[in-house]
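First comes the structure, then the notes that go with it.
The values are calculated or read from the model by the stated rules, or taken from the named source; none is laboratory data. A quick note: this is a predicted structure, and the numbers were derived from the prediction, not measured. Cβ: placed from backbone, ideal geometry, glycine included. Neighbour counts: every protein chain shown. Areas reflect the complete protein model, heavy atoms only, side chains present, ligands, DNA and RNA absent. Shrake-Rupley method; radii C 1.70, N 1.55, O 1.52, S 1.80 Å.
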Amino acid sequence: MLKDNHGRTVNYLRLAVTDRCNLRCFYCMPEQGLNWLDRKELMTYPEMLHICSLLVNMGINKIRITGGEPFVRKDILQFLTALTKLKGLQQIAITTNGVLTAPYIPELKKIGIKSVNLSLDTLDRNRFFSITRRDELPDVLKTLDALLYYNIETKLNAVVMDGKNTEDIIPLVELTKSLPLSVRFIEEMPFNGEADHNPGLQWNHLRILNRIKEQYPDIHNIADPPFSTSNNYHIPGHKGSIGIIAAYTRSFCGTCNRIRITPAGELKTCLYDDGVMNIKDLVRKGLDDNELKTVLLKALDNRAKDGREAEQLRKEKNPVHESMATIGG
Ligand code: SAM
Ligand code: SF4
């Protein structure tokens, strides 16, 4: 089992397969998009498979594929299929915006993908456009229908933004009445790719919970799964559940089991660090597996104790402002 220098188990990799995206969520990137990575900077599929296989050998047993939008990368299904062959990898999950995803769902089911996080901040088409700068809500809803139809465990992720979608909190909660979904509300973080756009935290986890309690006073805590980043709740009589993720408040660092690899191959041992080394560059330099293992173990042995410390230790001292799409949210 992989452990870090604070005794925390590390068994979960979030792998961002691209920085590109077909939406322009204003909390994630500017309207004109990002300076997309040059193709040669992007990890190739064989490189990603090599790194994943190494990490699985070392103790990673869950991999989440994220981005950017995973389904804009060509041949993503072949890559996912290849990942399913890694011995020791118990779970592959995906985070997607759902725009292109629906047609893939039967195949995802077939290859054994059991869990998908679908990002959906609003059920209103105009607000969807105002948040994502694209009119794609109908296709996202098709993905939601397909996930439910194929019985794939689904979490809906909604970032809560002042003045943008707080009126959606209750309608999203209401989905849990008849649908077996986990609807999770996320505090907005300053990872929007714009140095001068710092939203500040208007809706923290407590304010979100209080908003739900006004409507549903009998909402109650339920047990959190191991390593959960969300505090989880249930409303009596509802099929689904509710989660609130204190992503900005950072109350879950004590049990953090995850590392991230960005599309350029940067290893992040905390969401708030600015990369501890570039694993793709080391693979390209020709380090063998034992050498790669040694540097990976060293990185895990130097992990910041929490997101506050990681933020302070950043090499770039300016406030965090990378896009979540280049990090792999
Ligand atoms: N494109 C895919 C999607 O949207 O699901 C995967 C990548 S996206 C970066 C992963 C998650 O990060 C999404 O659920 C998105 O809502 C979340 N996210 C992006 N920027 C964020 C921010 N500034 N604060 C909080 N969550 C953010
Ligand atoms: Fe794209 Fe996901 Fe970022 Fe929205 S949150 S712009 S869908 S990467």
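A Cβ-based charge dipole, computed about the Cα centre of the chain with Lys and Arg at +1 and Asp and Glu at -1, lands at about 840 debye. As a fraction of the 1.4 Å probe accessible area of the stretch 12-327, surface on carbon and sulfur atoms comes out at 51 percent.
For a quick protection proxy, order the peptides 163-173, 50-60 by their average other-Cβ count within 10 Å, most packed first.
On the way: 163-173: 17.0, 50-60: 19.4.
My ranking of the peptides, most packed first, is 50-60, 163-173.
Compared with the dominant Cα axis of the chain, that is its longest principal axis, helix 169-178 is turned about 90°.
Potential lengthening of the chain between LYS293 and ASP224 amounts to 21.7 nm, from the contour at 0.36 nm per residue minus the alpha-carbon distance.
Grab the other residues whose beta carbon is less than 13 angstrom from that of ILE113, score K and R as +1, D and E as -1, and report the net.
Around ILE113, the charge tally is +3.
Gain on full extension, evaluated as 0.36 nm per residue between TYR149 and LYS110 minus their Cα-Cα distance, stands at 12.7 nm.
Put the Cα centre of the stretch 1-44 next to the Cα centre of the stretch 68-98 and the gap is 14 Å. Charge dipole (Cα centre; +1 on Lys/Arg Cβ, -1 on Asp/Glu Cβ; no other charges) of the stretch 243-329 amounts to roughly 100 debye.
Can you give the helix-only mean residue ellipticity at 222 nm for the chain, where every DSSP H stretch with n ≥ 4 adds -39500 (n - 2.57) and the sum goes over all residues, rounded to the nearest 500 deg cm²/dmol? Before the final figure, lay out each step's value.
On the way: 11 runs with 102 residues, N = 329.
Rounded to the nearest 500, it is -9000 deg cm²/dmol.
Going by a ≥ b ≥ c, the root eigenvalues of the Cα gyration tensor, does the stretch 146-295 fall in the rounded group (a/c under 1.5), the prolate group (a/b larger than b/c) or the oblate group? Verdict is prolate for the stretch 146-295.
At a probe radius of 1.4 angstrom, the accessible area of the chain per residue rounds to 44 square angstrom.
By per-residue mean of other Cβ atoms within 10 Å, what is the highest-first order of 289-297, 321-329?
Details: 289-297: 14.3, 321-329: 23.3.
Ranked from most to least packed, the peptides come out as 321-329, 289-297.
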